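Since the structure comes first, as structure tokens, the remarks are kept for the end.
The values are calculated or read from the model by the stated rules, or taken from the named source; none is laboratory data. Quick caveat, the model's predicted, so the values are computed rather than measured. Note that each Cβ is placed from the backbone with ideal geometry, even for glycine, and that neighbours are counted across all protein chains shown. Surface areas here come from the heavy atoms of the whole protein model, side chains and all, with no ligands, DNA or RNA. Shrake-Rupley method; radii C 1.70, N 1.55, O 1.52, S 1.80 Å.
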Amino acid sequence: MKVKNPRLQFTEAEMEDSRLKEHIRHAEKAADKAEAAREKIPKKKKQKQVQRRTIDPATGKQTVRLHFEEVEKKAPASRLRHGAAAVPGLALSGQVHKKIGETEGDNVGVESAHKVEEAAETAGRIGESAHHSHKLKPYRAAARAEKRLEKANIKALYHKSLAENPQIASNPFSRWQQKQAIKKQYAAARAGKNAAQTAKNAGNTARAAKKVAKETKEAAGFVWRHRKGFLVVIALLLVVCIFMNGLSSLTMLFQGGMSSVAGSTYPSQDADMLGAEADYAGMEADLQYELDHYETLHSGYDEYHYELDEIGHDPYVLVSLLTAYYQGEWTLAQVQGTLTMIFERQYTLTERVEVETRYRTETRTGTRTHTDPETGEVSSEDYEYEVEVAYDYYICYVTLTNFDLSHLPVYLMNEDQVSMYAMYMAALGNRPDLFPQGEYPNASGREDYLDYGVPPEALEDEQFAAMLREAEKYLGYPYVWGGSNPSTSFDCSGFVSWVINHSGWDVGRQTANGLLGLCTPVSSSNAKPGDLIFFQGTYNTSGASHVGIYVGNGMMLHCGSPISYASVNTPYWQQHFYTFARLP
């Protein structure tokens, strides 16, 4: 039997952990709302059969009649308590490498909400009245609250798991599988499976305890009497265990590596991926042709003005986006409509026409009379004159905006899909040969991040040391526009916001210019490790457009492509340098 979404229990240490505090708060808030919604659901009634005896005063005959009384039906108590909080630790290592397809249909919160809604809709159809429809509102509200609570609980458990297992955070595929495993375990716990198994295990343990204690006492005496022989055996066993453990570790490492490689490899056929790229490039070629011949294709205007972004895209971004969007393999025929949708989201061609009243000089012919002063004879003659004439002048302003294909994933997909997109981009689908840059000049290339040894004296500043510990966890993560957490990867401001929020500050998700507004500018000569460094003009926006963490000696740690250390003294960064600034 499935139970309602529970209120998770956390220790005081977990509630004070900056990595978990916000997620716990959301889970608690969702639980409060779910409980409030449940309270508004009318209590169900059930009928109880009661026998009533009557005696006829005249005859003394006794008669028994059955009556039905309504009694309150109590909701069953939830079997799930703190067991849900322990879900991340339950057999997660075995769940990590299960097939992704096994997780389908495990979202019991949605299923539960759907069942409540079905019940409500059935009752509404039976009643077919506005009054009865009004009664269904508490059920719908409860369903929505339960759905939000499940989402908040799973998110809290997921981040608790990451906090307890930091090694998982270093691999986007492992994080994605971790989240699916948590959803599956949470579904099982809500369905009562964990509770039943725990009770069964506890019973077995209790029955075996006495027998184990007795046998242990007898065995201890035997071992003591033959202790020398046992010491030799133990030594041999230790040698064997060390060897087997090493072999097992290598096997697990190999399996984990193969799983990660498989998970980050494009699953579609080369012909489909190359075909999708060719079709998208074809649409771009048609757009370029229209712009090149715009005055012929859109004639009738007196003047044309153009403001055009460049046309182009990264083919790896396109294929990674499609693969994450479809969450796996796709065919060229399947994605034709999606290619058109993506193209229309990337490129926006607009035409604006202004009409001006202008004047031109025109020569006209007139007739006038002339009288001869001597003879008095009157004659007529033609003459020319000029006039200013008003007319409409049409000016066409043509604008092409390229939104940048790499900016679209956060608008088209959910967090899990964006996480998959980041994973594919980090590895280029393990197909760096698919789009060679000689043939596809806009194609991404694999870039290793630059590591750097920060001088030990800089780490004496505990605040900076905390920032660096957090920031270096994500070295090598790919740039994902709009990304703001390890699941989706980061953009420049998302990366810096995450680092400082997990190093003692609480500033929320800020843009580069937003971070600048929170800081106090400092001169280059006074900049120190832990200050933020800002740049402008790296793309078309006002104010600061890029931000990194200054680590001293002309080096910064920032989210480029990928997250990496970089020198701020290169011509590019010097050209765009804006200011240093210090966090409050």
Checklist entry - Which condition does Trp505 not pass, out of (1) surrounded by 17 or more Cβ atoms within 10 Å (Cβ to Cβ); (2) over 22 Å from the mean Cα position of the chain (by Cα); (3) of a type in the set (Phe, Trp, Tyr), if it passes all the others? => result (1)
Checklist outcome for this item: Given (1) modelled with pLDDT under 90; (2) in contact with an Asp or Glu (Cβ under 8 Å, 6 or more places away or on another chain), Asp451 misses just (2)
Checklist entry - Can you tell me which of Ser561, Ser484 is closer than 29 Å to Gln180 by Cα, in contact with a Lys or Arg (Cβ under 7 Å, 6 or more places away or on another chain) and open to solvent by 10 Å² or more (accessible area, probe 1.4 Å)? => result Ser484
Checklist entry - Counting just the residues of segment 431-445 that are of a type outside the set (A, V, I, L, M) and touching a helix residue (DSSP H, G or I) at 6+ places or on another chain (Cβ under 6 Å), which one comes out least open to solvent (accessible area, probe 1.4 Å)? => result Phe435
Checklist entry - Got at least one residue in segment 311-331 being part of a helix (DSSP H, G or I), closer than 16 Å to Thr401 by Cα and open to solvent by less than 80 Å² (accessible area, probe 1.4 Å)? => result no
Checklist outcome for this item: If you go through Val398, Val410, Val387, Val418, the only one that is open to solvent by less than 60 Å² (accessible area, probe 1.4 Å) and farther than 30 Å from Glu277 by Cα is Val387
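Does segment 383-413 hold any residues that are part of a strand (DSSP E or B), in contact (Cβ under 8 Å) with a residue 60 or more places away in the chain and β-branched (Val, Ile, Thr), and which are they?
Filtering segment 383-413 for residues part of a strand (DSSP E or B) gives 383-402.
Narrowing the set further to residues that are in contact (Cβ under 8 Å) with a residue 60 or more places away in the chain leaves 393-402.
Matches in segment 383-413: Ile395, Val398, Thr399, Thr401.
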Item to check | Residue count, segment 6-56 (criterion: crowded, with 16+ Cβ neighbours inside 10 Å and either over 23 Å from Ser161 (Cβ atoms) or at pLDDT below 70 (or both)) | outcome: 2
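Which count do you get for residues in segment 157-177 that are modelled with pLDDT of 70 or more and assigned to a helix (DSSP H, G or I)?
Our first condition is that a residue be modelled with pLDDT of 70 or more; within segment 157-177, this holds for 157-165.
Still in the running and assigned to a helix (DSSP H, G or I): 157-164.
Of the residues in segment 157-177, 8 are modelled with pLDDT of 70 or more and assigned to a helix (DSSP H, G or I).
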Next on the checklist: Take Thr367 and tell me if it is open to solvent by 40 Å² or more (accessible area, probe 1.4 Å), modelled with pLDDT of 95 or more and either among the β-branched types (Val, Ile, Thr) or touching a Pro at 6+ places or on another chain (Cβ under 7 Å) (or both).
Outcome noted: no
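For segment 286-310, what are the residues that are touching a helix residue (DSSP H, G or I) at 6+ places or on another chain (Cβ under 7 Å) and either among the β-branched types (Val, Ile, Thr) or part of a helix (DSSP H, G or I) (or both)?
At the first step, the residues of segment 286-310 found to be touching a helix residue (DSSP H, G or I) at 6+ places or on another chain (Cβ under 7 Å) are 290, 297, 304, 308.
Scanning segment 286-310 gives Glu290, Leu297.
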Item to check | Residues satisfying the stated conditions in segment 272-300, i.e. surrounded by 18 or more Cβ atoms within 10 Å (Cβ to Cβ) and among the hydroxyl-bearing types (Ser, Thr, Tyr) | outcome: Tyr280, Tyr294
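Yes/no matrix, rows are residues, columns are (1) assigned by the TED database to the domain that holds Gly275; (2) at pLDDT 95 or above; (3) open to solvent by 50 Å² or more (accessible area, probe 1.4 Å):
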residue	(1), (2), (3)
Arg345	yes, yes, yes
Glu362	no, no, yes
Ser380	no, no, yes
Ser406	yes, no, no
Checklist entry - Of all residues in segment 525-558, which are surrounded by 21 or more Cβ atoms within 10 Å (Cβ to Cβ) and in a loop (DSSP other than H, G, I, E, B)? => result Pro529, Gly530, Asp531
